[in-house]
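Only the coordinates and a few stated rules stand behind these numbers; no lab work does. Not measured: the values here are computed from a predicted model. Glycine also receives a Cβ, built like all others from the backbone with ideal geometry; neighbour counts cover every protein chain displayed.
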Amino acid sequence: MYFQFACPSCSKNLKVSEENVGRRVRCPYCHNVMTVQAPKRTEPAVSEGGGGAPPTVKEGATPSAKEKEPARPSERPAPEEPSEPPPSAPSDEGESGTDVSMIKSGLLGLALAVAFYVVVALPLHKFYLGQLFLARGWVPFVEVFLMTWALAILYLKSRKLVRQKESMLFDLLPTDISPHITQETVDQFVQHIRGLPAKPSESFLINRVLRGLEHFRVLNNHAEVAARLESQSNIDANSVESSYTLIKVFIWAIPILGFIGTVIGISAAVGGFAATMESAQNVEALKQALGSVTGGLATAFDTTLVALVMSILIMFPTSSMQKSEEDLLNWVDEYCNENFLRRLKDADRTEKAEAARSDIQAALEKALSQHQAELETWTKKLESIGSTVARQVAEGLAKIEKEQQKQRMEEFERLSQTVLQKQSELASSVASACDAVARLQSEQAARMQALAQSTEQTQTQVCQSMRQSAQALHAYFANLHEGLNVLNGVLEELGQKQVVVETAPRRRWGLFGRKDGGPRLKPK
């Protein structure tokens with residue numbers, strides 16, 4: 001988006017893009033360097049067609065009633081007669097765009113080359129840097145001239161590019177004249193642009209807008225003007241591209257000259273080497289011949305080195321300059337789209353379009369009225385056919401529904417019979433299972449009863465056996481007690497008597513039987 005910005009030095013209104021807010025720019029009127037400030041936001045006025053750009057309000061100014069509501073075509077004042085008729089086409093005198101004169105740039109390049117040799121090469125002739133340009137034949141002189149010529153072209157183009165960027169700040173289409181560009185106001189805009197302190201041939205923007213106004217005054221058609229501006233944009237792009245043709249030739253020619261110097265140096269070295277071989281017997285002549293050989297090799301390599309370095313030194317600023325000019329063309333296209341094409345208003349074209357639309361509508365209504373009766377007849381026929389088809393379809397659907405319902409009932413009966421059969425089979429299976437369970441229960445009861453009886457008999461027998469065992473144990477313990485009592489009596493008797501132990505001979509088995517022997521106890 002663009003907005004108006006007043007120069008603090010000369011108070012001229014400038015058209016500045018929002019991208020330049022906070023940047024330092026140069027006023028194209030007084031060339032004062034200033035910093036762009038952000039605009040104050042105001043409510044834009046609504047245009048009639050909705051296609052034009054809203055009028056821009058100056059800083060610190062209140063929009064008037066005319067700016068808030070643009071006048072209708074019938075109420076607009078007639079344009080004042082210009083004192084001088086506007087030219088039919090912009091002037092093309094001088095160099096167009098950023099192209100520079102070959103003669104002027106060549107003379108400036110020659111002067112730079114001479115200055116380079118006087119200031120740099122001659123004072124350093126005893127050093128290697130000075131010998132690169134003075135003692136390597138004629139090739140370095142041509143390379144230096146081509147490099148300075150290319151630098152001169154870039155310098156002149158940079159000055160033109162600065163003027164081009166300054167012209168981007170002009171308010172070419174001020175809203176003070178009119179918020180819209182019409183046939184009544186186009187001459188006033190042309191006069192305003194002609195009065196600016198810049199030539200149309202020196203600015204892509206002024207030339208583009210001026211040509212667009214001229215085309216609009218002649219054609220009075222928004223689409224045609226847009227097509228012409230697009231064509232002019234392509235022309236400007238081709239002009240910028242062609243302005244770098246000579247520099248591209250220099251970038252190509254300088255390395256070629258380096259290769260030519262390489263070939264010359266190698267040829268001299270080979271020739272000197274051949275002469276050295278012929279005078280191989282003379283030592284002094286051999287030394288001189290070897291010096292010429294090394295000098296030729298130095299020329300061969302140094303010329304190529306200088307050529308490649310110069311080519312690089314030219315290539316980088318050339319690419320940067322070309323990119324800057326392409327960006328400038330993009331800015332010009334954006335300016336035309338935002339501030340020129342959007343404000344073009346062709347009232348006659350709108351009225352013609354409305355009239356053509358009404359004529360087409362009337363013709364269509366007339367053509368359709370002739371076929372209205374036929375269309376009604378066909379409509380009735382289609383309605384009767386539709387009702388018949390609908391009735392037949394309903395009957396067919398009812399029939400299909402009855403058949404499907406009958407089939408579903410038959411299938412339901414088959415399923416019911418199957419379920420009943422399965423239920424009877426399940427009932428019989430359950431009854432047989434219940435009988436088997438009852439038999440198992442009776443058999444289990446009988447077994448339990450028999451087991452209880454056998455258990456009772458076994459318990460009775462065990463009780464009897466335990467009773468008998470208890471009685472036997474009681475009798476045994478009674479006998480034991482009695483024996484113990486007898487033993488106690490014997491022991492008491494023994495305690496009152498002296499016991500003599502006699503040793504009796506052991507029993508031996510003789511021929512006729514056993515013989516007793518061993519100790520014996522004998523009471524006294």
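Volume per residue of the convex hull around the Cα atoms, evaluated for segment 99-349, comes out as 126 Å³. Packing-based ranking of 359-367, 307-315 yields 307-315, 359-367, ordered from highest to lowest mean Cβ neighbour count within 10 Å.
Site pair E425 and R467 shows an inter-label distance of 6.5 nm when each label is modelled 7 Å from Cα along Cα→Cβ. Label-to-label distance, Q457 versus E184, with points set 7 angstrom from Cα along the beta-carbon direction: 14.3 nm.
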